[in-house]
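**Q** Encoded as structure tokens, here's the structure I'll be asking about.
Please treat every number below as a calculation from the coordinates, not as lab data. Everything numeric here is computed off the predicted structure, so don't read it as measured data. Please note: Cβ atoms are built from the backbone with ideal geometry, for glycine as well, and neighbour counts cover all protein chains shown.
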Amino acid sequence: MTRHGSPEPPERVRQLFDRIAPRYDQLNDLLSLGQHRLWKRQTLALLQPRPGERWLDLCCGTGDLALLLAERVRPGGRVLGLDAAAAPLALARSRSAARPWLALDWSQADALAVPEPDGAFDGAVMAYGLRNLPDAAAALAEVRRLLAPGGRAAVLDFNRTDGLPALVQRLALRRLVVPVARRAGLEDDYAYLERSLASFPSGVEQERLAQAAGFTQARHRPLAGGLMGVLLLAASP
Ligand SMILES: C[S@@+](CC[C@H](N)C(=O)[O-])C[C@H]1O[C@@H](n2cnc3c(N)ncnc32)[C@H](O)[C@@H]1O
């Protein structure tokens, strides 16, 4: 089986996200026309996190999904946001400090070696993270390890596909994303996006990797007209 993973070494990826952290949220809103918020909400609607549950947001970045999750698991639940980079996590921490009623913890760690015991979570999410990890198969196995029996998870990212959506993605990345990032002085960092997509597994490949990682259910669904995709996962009860 082909090994899928980021084309950049993990340390370079971490440095990239540390560098772009101060502009990340603004550029994300601008470049997706705010749609990333909708795709994240759609992902949570498919997962149905419930009050009292314990959830994990892997590659949480500046923490928007972890914050949404923390609202959903109230009362009694808890969310851990985990990221390898310090700068986005610092922003996540300050966001959650403004909402002290949310049960949220933050951890700087590697998504391939999460310092939490087996079966610690009822659910896990990873938004725009898998593409940045050195080994997608190992990452899915780590998500599986962390889930309790019957646990569920979702991996949201660009959809690696062919045909019109691929053409639209390429055009958007080259004509919109990179030029906008250039104005922010971050051209090279955002050019990495297209390269990371080239070595990212397709939906069908993601399903196969997840089955090999031990998930009993793995279904990839296109979102946003096929531009994005979400891999929905369930562990055996
Ligand atoms: C594109 S951002 C996504 C952030 C957030 N989930 C979102 O949807 O906006 C990818 C994140 O993955 C993190 N990351 C990259 N490699 C990682 C690793 N090995 N372990 C944990 N986080 C990692 C980066 O620091 C970055 O914050």
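**Q** Rounded to the nearest whole Å³, what is the per residue volume of the convex hull around the Cα atoms of segment 1-114?
**A** It comes to 129 Å³ per residue, whole-number rounded.
**Q** Once each part is reduced to its C-alpha centroid, what is the distance from segment 1-24 to segment 218-234 in angstrom?
**A** Measuring centre to centre over Cα atoms gives 22 Å.
**Q** Can you give the Rg/Rh ratio of segment 1-63, where Rg is from the C-alpha atoms and Rh is the Kirkwood radius? Mind showing how you got there, number by number?
**A** On the way: Rg = 15.1 Å, Rh = 14.5 Å.
With Rh from the inverse mean 1/r over Cα pairs, Rg/Rh is 1.04.
**Q** For the chain, what does the helix formula give at 222 nm: sum of -39500 (n - 2.57) over DSSP H segments with n ≥ 4, over the residue count, nearest 500 deg cm²/dmol? Don't skip to the end; give the middle numbers.
**A** Working: 9 runs with 105 residues, N = 237.
After summing the helix terms and dividing by residue count, I get -13500 deg cm²/dmol.
**Q** Something else now. List the extent of the Cα atoms of segment 95-152 along each of their three principal axes, largest first, rounded to whole Å.
**A** Taking max minus min along each principal axis of the Cα atoms, segment 95-152 gives 36, 27, 18 Å.
**Q** Give me log10 I(q)/I(0) at q = 0.13, 0.16 Å⁻¹ for segment 10-234, Debye formula, one equal scatterer per alpha-carbon, no solvent.
**A** -0.72, -1.13
**Q** Once you have the Cα-Cα distance between Arg50 and Ala198, take 0.36 nm times their residue separation minus that, and quote the gain in nm to one decimal. The partial results should precede the final answer.
**A** Values: separation 148, 0.36 × 148 = 53.28 nm, distance 3.56 nm.
The span from Arg50 to Ala198 would gain 49.7 nm if fully extended.
**Q** Could you sort the peptides 141-154, 53-66 by per-residue average Cβ neighbour count (10 Å cutoff), highest mean leading? Show your work: numbers first, answer last.
**A** Numbers: 141-154: 20.2, 53-66: 25.3.
My ranking of the peptides, most packed first, is 53-66, 141-154.
**Q** While we're on this one: Please sort 175-182, 160-167 by packing, taking for each peptide the average over its residues of neighbouring beta carbons within 10 angstrom, highest first.
**A** Per-residue Cβ counts within 10 Å, averaged per peptide and sorted highest first, yield 175-182, 160-167.
**Q** Please name which of Ala86, Pro165, Ala66 has its Cα lying farthest along the dipole of the chain towards the positive end, using unit charges on Cβ (Lys, Arg +1; Asp, Glu -1) and the Cα centre as origin.
**A** Projecting each Cα onto the dipole axis, the largest value belongs to Pro165.
**Q** How would segment 100-196 be classified by its alpha-carbon gyration tensor: rounded, prolate or oblate, with rounded meaning a/c under 1.5 and the a/b versus b/c comparison settling the rest?
**A** Numbers: a/c = 2.49, a/b = 1.83, b/c = 1.36.
It is prolate, given that a/c is not under 1.5 and a/b is the larger ratio.
**Q** Also, quick follow-up: Please list, ordered by chain and number, the residues whose modelled amide H lies under 5 Å from the amide H of Cys60; skip anything fewer than 5 residues away on the same chain.
**A** The answer is Leu82, Asp83.
**Q** Can you pull out the chymotrypsin sites (Phe, Trp or Tyr not before Pro) in segment 100-145 whose DSSP state is coil and whose Cβ has at most 13 other Cβ atoms within 10 Å?
**A** Working: sites: Trp101, Trp106, Phe121, Tyr128; in loops: Trp101, Tyr128.
Those satisfying the criteria are Trp101.
**Q** Give the percent of DSSP beta bridges with both residues in the chain that are antiparallel, rounded to the nearest 5. Walk me through the numbers before you get to the answer.
**A** Numbers: 14 of 34 bridges.
Just about 40 percent of them are antiparallel.
**Q** So between Ala98 and Asp162, what do we pick up on full extension, going 0.36 nm a residue minus the alpha carbon distance? Spell out each step's value before the answer.
**A** Working: separation 64, 0.36 × 64 = 23.04 nm, distance 4.27 nm.
So the extension gain works out to 18.8 nm.
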